[in-house]
1. Can you tell me which residue in region B:23-47 is surrounded by the fewest Cβ atoms within 10 Å (Cβ to Cβ), limited to those that are over 21 Å from A:G108 (Cβ atoms) and in contact with a Lys or Arg (Cβ under 8 Å, 6 or more places away or on another chain)?
2. Is it the case, given these coordinates, that B:E101 is touching a Lys or Arg at 6+ places or on another chain (Cβ under 7 Å) and of a type in the set (D, E, K, R)?
3. Of all residues in region B:1-28, count the ones that are assigned to a loop (DSSP other than H, G, I, E, B) and either within 15 Å of the chain's Cα centre (by Cα) or aliphatic (A, V, I, L, M) (or both).
4. Suppose we keep only residues that are assigned to a loop (DSSP other than H, G, I, E, B) and among the small types (G, A, S) within region A:1-11. Which one would you say is nearest to A:P115 (Cα to Cα)?
5. May I ask you to list the residues in region B:48-82 that are within 26 Å of A:S107 (Cα to Cα) and touching a Gly at 6+ places or on another chain (Cβ under 7 Å)?
6. Might you check whether a residue that is small (G, A, S), closer than 29 Å to B:R110 by Cα and in a strand (DSSP E or B) occurs anywhere in region A:12-35?
7. Against the conditions (1) touching an Asp or Glu at 6+ places or on another chain (Cβ under 6 Å); (2) closer than 30 Å to B:R110 by Cα; (3) surrounded by 14 or more Cβ atoms within 10 Å (Cβ to Cβ); (4) not acidic (D, E), where does A:F105 fall short? Just the number, please.
Amino acid sequence: AQSVTQPDARVTVSEGASLQLRCKYSYSATPYLFWYVQYPRQGLQLLLKYYSGDPVVQGVNSFEAEFSKSNSSFHLQKASVHWSDSAVYFCALSPASSGSWQLIFGSGTQLTVMP
Amino acid sequence: EAAVTQSPRSKVAVTGGKVTLSCHQTNNHDYMYWYRQDTGHGLRLIHYSYVADSTEKGDIPDGYKASRPSQENFSLILELASLSQTAVYFCASSDFKSSAETLYFGSGTRLTVL
């Protein structure tokens, strides 16, 4: 069965520090992978997505993620965070090879950026 | 700018009562979805639709009905609301061309069942 695990429910970093939010997936083939962000009182917005090719994908607001097939991971990174990055971040998987387009979400990571 | 609007923003309902959550999109997207978000959990798919007058069950459809009267509108109906249905509900739309389509979400409806 497909699944997405975000092992860190909460992450706190200082403004200007680097960031990594972890995401591990379980799927028999190479899936489509996504990171969505949810700001307070808003819906989810797409940060970036991976289909194939270059394992490092760039997203909005200087976020990037690296796909690793060997580790079944898709970690989100940012070199220097800003207080406005405080939000909940969701990793999601689409089981592409089955033709399904339904997204499977992880439980989310609450990011708090301290000034 | 893609737009998905949900109403109401929040609602308090009584156990056993009927609740209707509404969603309207101006994206001209074929696909619409209803997700449920529980504290500490990711989003789970309740129902979806890819054409007007047709709906499909998602992963957790029990206790929910859906209605898609037009391409723009998609409703989620709780005929007999229960305490366990207290959650935040998100509507989303997508222009399905592949299995990697971006979903556009509304701001959510916070439902409290007492």
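The values are calculated or read from the model by the stated rules, or taken from the named source; none is laboratory data. Quick caveat, the model's predicted, so the values are computed rather than measured. FYI the Cβ positions are ideal-geometry reconstructions off the backbone, even for glycines, and counts take in every protein chain you see.
1. Ranking the candidates gives B:H47 first.
2. Answer is no for this residue.
3. Number of matching residues: 5.
4. A:A9
5. Within region B:48-82, B:Y48, B:L78, B:A81, B:S82 meet the criteria.
6. No: zero hits.
7. For A:F105, the failing item is (1).
Residues are listed down the side, and each one gets a yes or a no for (1) at the interface with chain B (Cβ under 10 Å from one of its Cβ atoms); (2) surrounded by 15 or more Cβ atoms within 10 Å (Cβ to Cβ); (3) in contact with a helix residue (DSSP H, G or I) (Cβ under 8 Å, 6 or more places away or on another chain); (4) farther than 17 Å from A:Y89 by Cβ:
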| position | (1), (2), (3), (4) |
| --- | --- |
| A:G16 | no, no, no, yes |
| A:L21 | no, yes, no, no |
| A:Y25 | no, yes, no, no |
| A:F34 | yes, yes, no, no |
| A:V37 | no, yes, no, no |
| A:L44 | yes, yes, no, no |
| A:Y50 | yes, yes, no, no |
